[in-house]
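Participant: Next up is a structure, given as structure tokens.
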Amino acid sequence: MSRVFNFSPGPSMLSEAVLKKAAEQMLDFEGSGQSVMEMSHRSPVFEKIITGAESLLRELMGIPDNYKVLFLQGGAYTQFAMAPLNLLPEGGEADYIETGVWAAKAADEAEKYGTVNRPASSKDKNYSYIPSPLPKPRGGAAYYHITTNNTIVGTRYTNLPETGKVPLVADMSSNIMSEPMDISRFGLIYAGAQKNLGPAGVTIVIVREDLLGRHRPLTPAMLRYDIHAENKSLYNTPPCYGIYIIKLVLEDIKSRGGLPAIYEINKEKANILYDFLDRSRLFKATAEKKDRSLMNIPCTLPTEELTGAFLKEAGEQGFVNLKGHRLVGGLRASIYNAMPPEGVKKLVALMEDFEARNAEKGA
Ligand SMILES: Cc1ncc(COP(=O)(O)O)c(C=O)c1O
């Protein structure tokens with residue numbers, strides 16, 4: 001068996017321990033005689049899986065008791081509509097900080113439901129930084145929306161904005177569980193699972209209880225947080241198998257020392273790559289230093305030709321999904337929790353070797 005080093009921005013690699021466990025349990029989950037894919041979502045055996053996943057998520061992220069945890073479908077894209085449908089009253093307004101393509105998409109979707117203010121944006125420099133200091137929320141804002149990690153341009157918030165009584169809403173799709181965070185600072189968090197938590201098809205929502213029940217009258221039942229919360233994510237058939245894999249991922253994170261330990265490893269991995277980029281004459285990091293993401297690291301080469309040549313070599317040696325997003329060009333290494341430090345070290349070795357052979361082209 002030969003596995004590649006997968007730098008995909010999402011869906012992304014999962015740890016081998018998780019995949020092996022899932023393989024072992026594929027035909028017979030814990031003596032039930034069935035695969036998790038085949039069991040009723042209302043059976044006691046599945047109930048144990050979903051409650052286990054929730055309690056591990058609560059424990060590892062430090063989610064306070066006055067928050068509901070939901071396992072939904074539809075990806076972060078659906079949350080772009082659910083957040084305003086559930087939190088923005090008719091004629092209301094909300095603040096959106098525009099730090100990337102996804103942040104802008106979230107704001108564009110919310111605009112269908114009310115007034116969207118964009119009090120700060122980093123679009124002027126291709127979203128390569130997080131605006132600072134961040135403006136306070138407008139008086140009438142129903143909530144204040146941020147994207148804690150910007151997957152395409154490789155920036156992250158290192159400080160959360162002070163929003164006072166205005167609920168802070170966060171798209172945490174690309175850095176959920178990559179570092180400890182104070183959940184009590186947020187009103188609502190959402191994230192697709194397919195980067196740090198498991199397979200595509202599950203969306204994690206963490207919502208403060210006092211924000212439930214504020215939905216617009218016409219909000220479809222499937223898009224109401226309160227209905228999913230009352231039904232403990234079993235209003236309809238949930239993405240059962242994905243939830244099971246998330247539970248395995250959470251067990252794996254716990255066995256590795258939880259978020260404090262994962263955060264240290266994530267910093268170490270990111271530093272290996274940034275240190276190289278900062279000394280390279282060929283590869284250049286594109287995000288502002290102070291706002292650099294630990295999860296997604298874009299960089300550019302001097303020409304398209306060199307970029308293509310590097311990607312080709314990398315692919316041949318088992319380093320895949322390194323092509324940058326068209327907005328930034330170049331390369332992007334997504335190094336989520338499951339990427340071992342060894343993968344980053346080997347990538348840097350490959351980059352160093354490529355640079356040595358092409359040094360004159362970067363001069
Ligand atoms: C920060 C962020 N938000 C939203 C999305 C869209 O997520 P989904 O495809 O789960 O709807 C992505 C996808 O990569 C993302 O990185």
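Participant: Inside segment 209-236, can you point out the residues that are assigned to a helix (DSSP H, G or I) and out of contact with any Pro (no Cβ under 8 Å at 6 or more places or on another chain)?
Facilitator: Those that are assigned to a helix (DSSP H, G or I) and out of contact with any Pro (no Cβ under 8 Å at 6 or more places or on another chain): 209, 210, 221, 222, 223, 225, 226, 227, 228, 229, 230.
Participant: For segment 153-170, indicate whether the set of residues that are without any contact (Cβ under 8 Å) to a residue 60 or more places away in the chain and within 11 Å of the ligand (Cβ to nearest atom) is non-empty.
Facilitator: Scanning segment 153-170, I find at least one residue that is without any contact (Cβ under 8 Å) to a residue 60 or more places away in the chain and within 11 Å of the ligand (Cβ to nearest atom), so the answer is yes.
Participant: On to the next question. Condition check: more than 16 Å from the ligand (Cβ to nearest atom), buried (at least 21 other Cβ atoms within 10 Å of the Cβ) and not assigned by TED's automatic domain parsing to the domain that holds residue 270. Does residue 71 satisfy that?
Facilitator: For residue 71, the condition - more than 16 Å from the ligand (Cβ to nearest atom), buried (at least 21 other Cβ atoms within 10 Å of the Cβ) and not assigned by TED's automatic domain parsing to the domain that holds residue 270 - is not met.
Participant: Right, here's the next one. Do we find that residue 50 is modelled with pLDDT of 95 or more, in the same structural domain as residue 242 (by TED's automatic domain parsing) and either more than 16 Å from the ligand (Cβ to nearest atom) or hydroxyl-bearing (Ser, Thr, Tyr) (or both) in this structure?
Facilitator: yes
Participant: I'm told residue 184 meets every condition in (1) more than 16 Å from the ligand (Cβ to nearest atom); (2) crowded, with 19+ Cβ neighbours inside 10 Å except one. Can you identify the failing condition by its number?
Facilitator: (2)
Participant: Still on this structure: With respect to residue 132, is the statement that it is within 16 Å of the ligand (Cβ to nearest atom), over 29 Å from residue 226 (Cα atoms) and at pLDDT 95 or above true?
Facilitator: Against the criterion (within 16 Å of the ligand (Cβ to nearest atom), over 29 Å from residue 226 (Cα atoms) and at pLDDT 95 or above), residue 132 does not qualify.
Participant: Right, something else. Which count do you get for residues in segment 281-319 that are under 22 Å from residue 156 (Cβ atoms), touching a helix residue (DSSP H, G or I) at 6+ places or on another chain (Cβ under 8 Å) and among the polar types (S, T, N, Q)?
Facilitator: Adding up the residues that qualify gives 2.
Participant: Next question. Could you tell me which of the residues 125, 112 is away from the ligand (no atom under 16 Å from the Cβ), within 21 Å of residue 205 (Cβ to Cβ) and either of a type in the set (Lys, Arg) or not assigned by TED's automatic domain parsing to the domain that holds residue 185 (or both)?
Facilitator: Result: 112 is the single residue among 125, 112 that is away from the ligand (no atom under 16 Å from the Cβ), within 21 Å of residue 205 (Cβ to Cβ) and either of a type in the set (Lys, Arg) or not assigned by TED's automatic domain parsing to the domain that holds residue 185 (or both).
Participant: Right, here's the next one. Taking residue 200, is it in a loop (DSSP other than H, G, I, E, B) and either in the same structural domain as residue 244 (by TED's automatic domain parsing) or at pLDDT 95 or above (or both)?
Facilitator: Here the answer is yes, as residue 200 does meet what is asked.
Participant: Another question about this same structure. Could you say which residue among 307, 303 is modelled with pLDDT of 95 or more, surrounded by fewer than 19 Cβ atoms within 10 Å (Cβ to Cβ) and hydroxyl-bearing (Ser, Thr, Tyr)?
Facilitator: Among 307, 303, only 303 is modelled with pLDDT of 95 or more, surrounded by fewer than 19 Cβ atoms within 10 Å (Cβ to Cβ) and hydroxyl-bearing (Ser, Thr, Tyr).
Participant: Something else: Quick one: in segment 188-203, which of the residues that are under 21 Å from residue 335 (Cβ atoms) and among the aliphatic types (A, V, I, L, M) is farthest from the ligand (Cβ to nearest atom)?
Facilitator: Looking at residues that are under 21 Å from residue 335 (Cβ atoms) and among the aliphatic types (A, V, I, L, M), I get 197.
Participant: Still on this structure, please answer the following. I'd like to check something: does segment 218-230 contain any residue that is in contact with a Lys or Arg (Cβ under 7 Å, 6 or more places away or on another chain), within 30 Å of residue 39 (Cβ to Cβ) and either hydrophobic (A, V, I, L, M, F, W, C) or more than 14 Å from the ligand (Cβ to nearest atom) (or both)?
Facilitator: Within segment 218-230, one or more residues are in contact with a Lys or Arg (Cβ under 7 Å, 6 or more places away or on another chain), within 30 Å of residue 39 (Cβ to Cβ) and either hydrophobic (A, V, I, L, M, F, W, C) or more than 14 Å from the ligand (Cβ to nearest atom) (or both).
Participant: Confirm whether residue 17 is surrounded by fewer than 17 Cβ atoms within 10 Å (Cβ to Cβ) and either in contact (Cβ under 8 Å) with a residue 60 or more places away in the chain or over 20 Å from residue 238 (Cβ atoms) (or both).
Facilitator: So residue 17 fits the description; yes.
Each row is one residue, and each column tells you yes or no for (1) crowded, with 18+ Cβ neighbours inside 10 Å; (2) over 19 Å from residue 212 (Cα atoms); (3) not assigned by TED's automatic domain parsing to the domain that holds residue 150.
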residue: 86; (1), (2), (3): yes, no, no
residue: 92; (1), (2), (3): no, no, no
residue: 96; (1), (2), (3): yes, yes, no
residue: 103; (1), (2), (3): yes, yes, no
residue: 106; (1), (2), (3): yes, yes, no
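The values are calculated or read from the model by the stated rules, or taken from the named source; none is laboratory data. Small disclaimer: the values here were computed from a predicted structure and weren't measured. All Cβ positions, even for glycine, are placed from backbone atoms using ideal geometry, and neighbour counts span all protein chains on display.
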